[in-house]
Amino acid sequence: MRILLVTHYWLPHPGGIEYLAREQAMRLTQRGHFITAVTSAIGDSRPVSRDDGFDVHRIPANNFLERKLGVPYPLFSLALFAHMIRLAEQHDVVLAHSHTFMSSVAAAMAAQRARKPLVAIQHNPHIQYPFPLNGVYAGADAILGRYTLGSAARLLAVSKHTAAYAQTLAPHNPVEVLYNGVDTQKFTPVSADEKSAIRQRLGLPPDEFVALTVRRLFYRNGVDVLIRACALLKDQKDVHVFVGGKGPDRPAMEKFIAENGLANTHLLGFIPDEDLVDYFRAADVFVLPTRTGEGFGLVIAEANACGVPVIATRSGAPEEIVQDGITGLLVPPENPAALADAITQLRRQPDLRREMGRAARLAAEKLDWERNVDQLEQILNSELRPQA
């Protein structure tokens, strides 16, 4: 099967879709399928690369909206459309990730023109941006999103919450849930001695309570809410909150930390992939403080696979992934006090943390990448049509 895979960003640009698309492409390639990926040249200017056994075509794009506003939306060169049409004619099926990006719109147009089936995977529900971005986003949903999802021969979503949202945009298209996968061979728990050694290597406090989050620092992800929660934890000297990630909100966070004397709050910046697993393993809890529109939360599954309980907001799909009171705790979004209380609760109950960590690992084992790719492969195969 010849699959044209389309996404707005690709690694090394950090993000869940980027990681997921590459993982699926590599595993489909290993199963004997021919993959070509099309994406933006953000983070890698090579027109074509073949690092993982398949071609990745990178189209010139401007990343102004992400740099200035924190909105991950590359503005592609118009060359995208001609390039996509040419490639669609050479493939059996088009697989597009998320709905309003110009890459997905071009994929839908190219699939229609080449008379090839489009399979769309929707990654996020509605995101409530502040004014005036909320109006722009609503317009993009109503026009671009409806067109892309309505054009799909098969429509998938990464959670039930996201599926319900996709259904409002494409009411005549059934939506199937395809939960993201997690590499349970890479993300694994460690013993107490191994955890201590990891903390020493990473320069983390050896015997104190460590809460971790790894998120892009922009409005939707709510890391600023977690930073405000840190002010409420200020007097708990043995509590350390570590924030991995970069983004446009970092200067404001640095200012808040300095003004409030939050000595136990640490901005780590971008965490390289080779260190990410050990940061999960070193943590006592993982915090997902998303403000709005969480479609799945891949970091939840990765933390769970490492045997780490998760504190997450009720911002969408975390309500499906985190079993409240069993694998972690769920709190309201945009509520610093609730986040601080949840962190304090798990700090004070090490036995509960250990019990949650064991349950979290078992939950993660049900989200295996092979299960994800088995389901995706079956769907793609079912859409192949005899060529005239």
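The values are calculated or read from the model by the stated rules, or taken from the named source; none is laboratory data. Here the structure is a predicted model, which is why all the values come from computation and not from measurement. Neighbour counts run over all protein chains shown; Cβ positions are idealised from the backbone, glycine included.
Tabulated values for the structure
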quantity	calculated
Region 139-176 - residue that is surrounded by fewer than 16 Cβ atoms within 10 Å (Cβ to Cβ) and among the aliphatic types (A, V, I, L, M) and, of those, nearest to residue 364 (Cα to Cα)	164
Verdict on residue 120 being hydrophobic (A, V, I, L, M, F, W, C), within 14 Å of residue 6 (Cα to Cα) and either assigned to a helix (DSSP H, G or I) or not assigned by TED's automatic domain parsing to the domain that holds residue 18 (or both)	no
One residue from 327, 344, 292 being of a type in the set (Val, Ile, Thr), surrounded by 23 or more Cβ atoms within 10 Å (Cβ to Cβ) and touching a residue at least 12 places away in the same chain (Cβ under 8 Å)	327
The lone exception for residue 287 - which of (1) farther than 25 Å from residue 196 by Cα; (2) outside any helix (DSSP H, G or I) it fails	(1)
Test for residue 99: is it assigned to a loop (DSSP other than H, G, I, E, B) and under 19 Å from the mean Cα position of the chain (by Cα)	yes
Residue list for region 81-99, restricted to those being of a type outside the set (Gly, Ala, Ser) and either at positive phi or touching a residue at least 40 places away in the same chain (Cβ under 8 Å) (or both)	83, 84, 87, 90, 91, 92, 93, 94, 95, 97, 99
Failed item, numbered, when residue 81 is tested on (1) farther than 28 Å from residue 276 by Cβ; (2) within 22 Å of the chain's Cα centre (by Cα)	(2)
Candidates 112, 128 - the one that is closer than 22 Å to residue 297 by Cα and surrounded by fewer than 18 Cβ atoms within 10 Å (Cβ to Cβ)	128
Residue in region 260-269 that is crowded, with 20+ Cβ neighbours inside 10 Å and within 24 Å of the chain's Cα centre (by Cα) present	yes
Failed criterion for residue 274 (all others in (1) outside any helix (DSSP H, G or I); (2) closer than 26 Å to residue 184 by Cβ; (3) at pLDDT below 95 hold)	(1)
Some residue of region 41-64 being more than 20 Å from residue 147 (Cα to Cα) and assigned to a helix (DSSP H, G or I)	yes
